[in-house]
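Following: one structure in structure tokens, then a few remarks.
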Amino acid sequence: MGALKIRRIDLTANNANSQLAKLRDQFRPDSEITTPASKKLTLAVFGEALTPAQAVERICLDVKAKGVAAVLQYTEQLDKVKLKADAIRVKPSEIAEAHAAAAPEYLDVLRRIRYNVDSFQSGLLHQDALLRVSGQHELSMRYRPMSRVGVYCPGGAAAYPSTLLMTIVPAQSAGVKDIIVCMPPKDTGAYNKDMLAACHELGITEVYRIGGAQAIAAMAYGVEGLKPVEMIVGPGNQFVALAKRFVYGQVAIDCIAGPSEIVVAADDSAHPAYVALDLLAQAEHAPGVPILVTWYEPLLGEVEEALNKRIAKLSRGDLAKESFERYGAFVLAPDKASAIECVNALAPEHLHIQTRDPDGFAEEINNAGAIFLGPFSPVAVGDYAAGPSHVLPTSGTARFSSGLTSNDFRKRTSVLRFTRNGLKDIAEDVVYLAKKEGLTGHAASVEQRANDNGPAARPKPKPEKVIAAAAAAAAAAAAIAAGVAPPVVATTPSPIPVKK
């Protein structure tokens, strides 16, 4: 393997901003960049050269219109797996058998990580809130969990039990009772015994052998044998991301995620080998976006040297090399302030700060999916076991969005209760603004109530049937006490005569 060729960006250069923007936006889900293999497959399936967005739209609309038949068709054409309708769902017995055959140490790891994630996510939950003004009004905010959530777990180059943990456990912490999982019908997906064992360990019994855009559409719209969900979460490739965007509005989604990203912000105190290892860890996702930002120029050469020593030892070293050379960068800032500005502009999924004062640096960062402080907080700890979900915003979307938490699986509803006096106190302001907007019906609905004493109280209806029933019961009791059997009263209608 030859030496790495990594692009370098000097923030003092005139075109630095455009280079940073290109770096940030290279994996936007709406990008029309596709691999030659993807173009060839699209042409074979659809008979024309569709863009990724067009292909996804076609798939989703077909699944919506044709149901499971379209799911089976695209599974055969895209995943090269021919399934029958009754084989889409993994049998609960298969899931249980996979769990029974799993290595005990694997199950122990799952349990410890589940505990970590649940402990953190349960502590995040918003609590119902109440504001009460005595004699005037009560305002409250209440939270209720989603009823049914769909988890998509990718199964491309590898199996990812960590994604099951980082999506299912936050949903369970939020109180979601009905959780389903879709995984591609591959040995790294729904046929993977470790993945099925993890589902069983997490209490999931509804697992489907569906991948790609057709899985997202099936969960959103529902097909024969698979009821629709209210929310879809989980990472995936470009087609999965575009499908989530397409069905958004029919269902809620977590985010539209692209490939994994890391920015390491480092100064002269950083250990070059640690920086190199963190960059390599995300680059091996292939594609991944590894970026180093520093204002200490010698560190660039030191990290490059460490990378060249380490990369050949990785099982996915060739893929990591491609990530560095196609998508990575070394960014040299003139000073710390410029480095902070650069990081905020990139808005990375993962930010690892290896400086003398990581806390102070982090205080200046407004845009990042997750921040890792100091030399002993590698991003991999967050990817696998710490507690926050590893489902995070990518492609610069950390400027306005956040990582997945248990609260994303809960709906909030405001509840208002006013007394007559409370309404009178606020009525004038409501009426003024309503008339200002020309909504006189709104104004009247408040004005009428505020200016009179309300409708006359309606007399309560006499509970004749209740009284009659009570009297009958009393008479029956008296008759029994006197030793006289009470009369039998018919309580069902007479049968309709049958004509012969």
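The values are calculated or read from the model by the stated rules, or taken from the named source; none is laboratory data. Treat the numbers as computed from the prediction; the structure is a model and nothing was measured. Glycine also receives a Cβ, built like all others from the backbone with ideal geometry; neighbour counts cover every protein chain displayed.
Just one residue in the set TYR152, TYR106 is in the same structural domain as ASN237 (by TED's automatic domain parsing), within 30 Å of ARG412 (Cβ to Cβ) and among the hydroxyl-bearing types (Ser, Thr, Tyr); that residue is TYR152. Number of residues in segment 228-238 that are in a loop (DSSP other than H, G, I, E, B) and buried (at least 22 other Cβ atoms within 10 Å of the Cβ): the value is 4. LYS64 passes all but one of (1) free of Cβ contacts under 8 Å to residues at least 60 places away in the same chain; (2) surrounded by 15 or more Cβ atoms within 10 Å (Cβ to Cβ); (3) part of a helix (DSSP H, G or I); which number fails? Unmet for LYS64, out of (1) free of Cβ contacts under 8 Å to residues at least 60 places away in the same chain; (2) surrounded by 15 or more Cβ atoms within 10 Å (Cβ to Cβ); (3) part of a helix (DSSP H, G or I): (1). Taken over segment 78-93, the residue count meeting the criterion of being crowded, with 16+ Cβ neighbours inside 10 Å, at pLDDT 95 or above and part of a helix (DSSP H, G or I) is 0.
Exactly one residue out of ALA241, ALA217 is out of contact with any helix residue (DSSP H, G or I) (no Cβ under 8 Å at 6 or more places or on another chain) and either at pLDDT below 95 or part of a helix (DSSP H, G or I) (or both): that is ALA241. The residue of segment 103-145 that is surrounded by the most Cβ atoms within 10 Å (Cβ to Cβ), among those that are more than 23 Å from VAL207 (Cβ to Cβ), out of contact with any strand residue (DSSP E or B) (no Cβ under 9 Å at 6 or more places or on another chain) and among the hydrophobic types (A, V, I, L, M, F, W, C), is PHE120. Restricting segment 146-188 to residues that are of a type in the set (Gly, Ala, Ser) and closer than 18 Å to LEU107 by Cα, the residue that is surrounded by the fewest Cβ atoms within 10 Å (Cβ to Cβ) is SER162.
One residue stands out among those in segment 34-61 that are free of Cβ contacts under 8 Å to residues at least 60 places away in the same chain and among the hydroxyl-bearing types (Ser, Thr, Tyr): the one that is surrounded by the fewest Cβ atoms within 10 Å (Cβ to Cβ), which is THR35. Look at VAL264 and say whether it is assigned to a strand (DSSP E or B), surrounded by 21 or more Cβ atoms within 10 Å (Cβ to Cβ) and not assigned by TED's automatic domain parsing to the domain that holds PRO145. So VAL264 passes the test. Here the condition is being of a type outside the set (Lys, Arg), on the phi < 0 side of the Ramachandran plot and surrounded by fewer than 18 Cβ atoms within 10 Å (Cβ to Cβ); of SER406, SER402, it holds for SER402 alone.
Just one of the numbered conditions (1) within 30 Å of SER38 (Cβ to Cβ); (2) part of a helix (DSSP H, G or I); (3) of a type outside the set (Val, Ile, Thr); (4) touching a helix residue (DSSP H, G or I) at 6+ places or on another chain (Cβ under 6 Å) is not true of ASP118: (1). The residues in segment 372-390 that are part of a loop (DSSP other than H, G, I, E, B) and either surrounded by fewer than 21 Cβ atoms within 10 Å (Cβ to Cβ) or not assigned by TED's automatic domain parsing to the domain that holds ALA345 (or both) can be counted, and the count is 9.
One residue stands out in segment 272-290 among those that are modelled with pLDDT of 95 or more and not aliphatic (A, V, I, L, M): the one that is nearest to the chain's Cα centre (by Cα), namely TYR274.
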